[in-house]
Amino acid sequence: MKPSEARLPSSIQFLAGAAAVVVGIAVIIGQLAGKGVGGGFLGLSAGIAVPFTILGVLVLMSAPRQPVGLLMTAAGVAATASLLGISWTDYALLAWLGQWPWFLSVSLIFIAILLFPDGRLPSARWRPVAAVLIAGMAVATVGLATVAISYPEFITNPPAQLSSWGQLLGQIIKAAALVAVLGYLAAVGSLWSRWRRADVDTRRQLMCLLPAGIGLIVGIFLESLGIDGAWAVTVAAVPLGMAVAILRYHLYDVDLVVNRTIVWVLMTALVVVGVTAIVKILSGALLQVNANSAQLLAIGFVVMTFEPLHRKVQRAVNRLLYGDRDDPYLVIARLGEVLGRTVDPAAVMPLVTGTIARSLQVPYVAVELQERDGPVLVAEHGRPLNMTESFDMVSHGKQIGRLLVARRSTGSRFSRHECRLLRDAALQAAVAAEATRLNRDLQTSRERLVTAREEERRRLRRDLHDGLGPSLAGMSMQVRAARKLLPCDCESRAAQILDALAADLKTCTMEVRRLVDELRPPALDRGLEAALRTECARFDSAGLSVHCEVDGSLEGLPAAVEVAAFRIVAEALTNVARHSRAHTCHVAVHGNGALRVEIVDDGVGIPPSIRPGVGLHSMRERAAELGGHCVIEPAPGGGTSVQVELPLVTTGPSR
């Protein structure tokens with residue numbers, strides 16, 4: 001059976017609603033007639049009965065076998081029975097009924113907390129906790145029901161003196177209640193235990209309930225101390241936390257139920273208000289219409305306007321829950337506006353996914369581009385809480401990727417209207433996705449070009465330094481040796497040639513050395529870490545203290561990364577020494593996964609009126625051409641912070 005088909009029958013829903021109305025009317029009449037008791041105990045019972053019954057029924061309407069929904073409904077029904085009993089204490093049976101179901105309802109709430117959100121215990125080791133809680137609940141509830149036979153107002157109006165067996169039962173009830181309270185504390189602790197081991201989505205659901213469980217414990221403690229109004233904390237905490245977790249994170253597939261409930265509640269309110277207002281107007285002093293005629297006219301007016309009003313209300317609620325799915329032109333127009341005004345190609349796809357997610361009220365939207373090495377996720381908005389559906393992105397007759405959209409809840413599906421809208425949105429965004437892919441390919445080519453250039457420079461430098469340099473040095477020694485074979489005062493043509501050759505070889509050696517130094521910073525010959533420490537030591541002085549901290553290994557880095565990191569640090573230290581008027585500067589280098597460099601000083605910072613110069617632009621460009629980034633901003637404690645991140649591998653697909 002599909003989740004959408006596993007719902008309570010309409011007859012059961014009708015009977016439950018009718019019973020709730022009857023009980024509500026009975027409670028109101030009993031309280032207005034002064035047949036029962038009021039105060040905090042009444043508020044506590046009502047606060048548990050109303051929200052837990054409604055929330056539990058909503059869950060059961062979508063998932064009838066969900067243990068959490070069953071427990072919430074049972075807690076609400078038990079509290080309702082207690083509420084009915086304390087509202088009619090003139091009748092012995094009802095007075096007895098008002099003394100014990102409230103404890104059962106509170107205990108059922110904590111069992112629901114122990115099983116939230118999937119209806120199972122966190123692990124097998126929590127079974128003793130559940131057993132202790134159930135045992136304490138059962139003994140205390142049976143004890144309260146037993147003692148209330150002889151003392152029908154045992155809780156609401158405690159007797160001054162109990163019999164010996166009543167005192168014994170009272171002690172048993174207190175012991176069982178204490179055991180149950182320990183189970184309560186353990187149930188709230190289970191939320192923390194489950195939260196620590198859960199995934200991200202389950203953690204978010206539990207974080208909605210963890211403060212509520214703590215609030216419930218605090219409310220019960222304050223209520224036991226006799227503090228007026230403490231029941232408000234107790235009754236509001238858990239149902240509010242559960243409602244947020246259920247509705248926000250689409251638990252138990254209650255979306256359709258919530259939609260219909262909101263629509264019919266609004267329609268009922270509008271009909272009641274409309275009929276009352278029309279009758280008032282028609283039977284007023286100006287029109288002088290009798291009451292019967294006014295009621296008939298009001299009913300006729302409501303009948304004529306009910307259907308168009310229902311459509312408008314349904315459309316408004318759909319917009320609230322499902323976004324603009326009923327207005328596809330608005331969604332496409334909004335998407336076109338985003339594509340038209342966005343200048344940065346890298347920001348297009350994140351804006352597209354965010355626009356679609358907000359327009360259709362879906363939890364997750366992503367764009368996946370097809371590359372040679374496989375699909376690549378280039379942008380996403382939200383988290384995939386439920387199953388995703390894909391829609392092809394086609395440009396110039398060729399599929400370039402897919403638009404991935406998560407369903408709103410586990411058992412729901414997109415309607416044909418929504419699927420058509422999402423297909424149109426995917427086609428609308430395909431051109432922008434193609435531009436994004438081309439931009440990615442361009443950036444990848446640029447990164448590889450820079451990497452290949454620096455690797456080739458490192459190879460040339462090594463060949464020149466280790467090959468051509470020694471050869472020229474050897475030739476110079478041979479020329480000098482040949483010159484020594486001639487007399488010192490010899491002015492022959494051979495001597496002149498050897499002297500000129502020695503001078504030319506010296507010039508060539510100096511030129512090769514200059515080329516070697518320009519191909520790559522000589523300091524990097526000993527490795528990046530040694531080069532950075534040497535550079536920091538060069539700027540360390542009496543007026544400026546420079547500290548260098550290296551975390552992780554910097555061996556075997558690509559040549560382009562080494563050069564970029566060294567040049568950026570050197571430029572940053574130069575700016576600190578020239579312009580910052582700083583006393584200390586800290587350079588931190590982290591080489592795990594990606595090379596991250598941070599240079600922080602305590603100087604005067606960069607005034608807003610100062611336009612970035614060549615040095616700052618050069619730092620950013622060196623990072624950008626390798627697919628990294630360089631952020632220059634004010635430091636938290638004053639001064640300037642330069643944060644650089646350089647990837648250690650080339651991004652993008654192979655071409």
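The values are calculated or read from the model by the stated rules, or taken from the named source; none is laboratory data. Bear in mind the structure is a predicted one, so any value in this text is a computation, not a measurement. We place every Cβ from the backbone using ideal geometry, glycine too, and count neighbours over all the protein chains shown. Please note that ligands, DNA and RNA were not included when accessible areas were found on the heavy atoms of the full protein model with its side chains. Shrake-Rupley method; radii C 1.70, N 1.55, O 1.52, S 1.80 Å.
Straightening the chain between A175 and A624 buys 154.7 nm, computed as 0.36 nm per residue apart minus the Cα-Cα spacing. Note on A435 and A347: the extension gain reaches 30.5 nm, defined as 0.36 nm multiplied by sequence separation minus the Cα-Cα distance.
With the simple model of a label 7 Å out from the Cα in the direction of the Cβ, I149 to N592 spans 6.7 nm. Shown in residue order for the stretch 474-481 are the 3J(HN,Hα) couplings computed by the Karplus curve 6.51 cos²θ - 1.76 cosθ + 1.60 at θ = phi - 60°: x, 5, 4, 5, 5, 5, 5, 5 Hz (x for Gly and Pro).
I need the calculated FRET efficiency for the pair E518 and R578, taking r as the beta carbon distance and R₀ as 22 Å, to the nearest 0.05.
On the way: r = 24 Å, r/R0 = 1.07.
Rounded to the nearest 0.05, the efficiency is 0.40.
Surface listing: H583, H547 arranged by accessible area from highest to lowest gives H583, H547, probe 1.4 Å.
Measuring only protein heavy atoms, the 1.4 Å probe finds E621 accessible over about 110 Å².
For the stretch 384-533, the square roots of the Cα gyration tensor eigenvalues, ordered a ≥ b ≥ c, give a/c of at least 1.5 with a/b greater than b/c, which places it in the prolate category. Let me know the shape class of the stretch 559-604, please: from the alpha-carbon gyration tensor, a ≥ b ≥ c as square roots of the eigenvalues, rounded when a/c is under 1.5, otherwise prolate if a/b is greater than b/c, or oblate. Here the stretch 559-604 falls in the oblate category. Sorted on the mean count of surrounding Cβ atoms within 10 Å across their residues, most packed first, peptides 81-94, 169-182 read 81-94, 169-182.
Across the stretch 175-183, coupling constants 3J(HN,Hα) worked out from phi with the 6.51/-1.76/1.60 Karplus curve, θ = phi - 60°, read 5, 5, 5, 5, 4, 5, 5, 4, x Hz, and Gly and Pro carry x.
If a/c stays under 1.5 just call it rounded; otherwise compare a/b with b/c (prolate if a/b is bigger, oblate if not). Do that for the stretch 539-626, with a ≥ b ≥ c from the square roots of the Cα gyration tensor eigenvalues.
oblate
The local environment of I568, defined by Cβ-Cβ distances under 13 Å, has a net charge of -3 under the rule Lys, Arg +1 and Asp, Glu -1. Backbone phi angles across the stretch 78-88, fed through the Karplus curve with coefficients 6.51, -1.76 and 1.60 (θ = phi - 60°), yield HN-Hα couplings of 4, 5, 5, 4, 5, 5, 5, x, 6, 8, 9 Hz in residue order; Gly and Pro are listed as x. Length gained on full extension, E455 to V132, computed as 0.36 nm times the residue gap minus the Cα-Cα distance: 109.4 nm.
State the volume of the convex hull built on the alpha-carbon positions of the stretch 392-448, expressed per residue in Å³ and rounded to an integer. Hull volume over Cα atoms, normalised by residue count, gives 99 Å³.
Of the listed residues W100, W126, the order by accessible area with a 1.4 Å probe, largest first, is W100, W126. Largest to smallest in accessible area, the residues V631, V367, V77 fall in the order V77, V631, V367 (1.4 Å probe, all protein chains included). Other residues with beta-carbon under 12 Å from the beta-carbon of F539 carry, at +1 per Lys or Arg and -1 per Asp or Glu, a net charge of -1. Note on S163: accessible area approximately 40 square angstrom, rounded to 10, probe 1.4 Å, nucleic acids and ligands left out.
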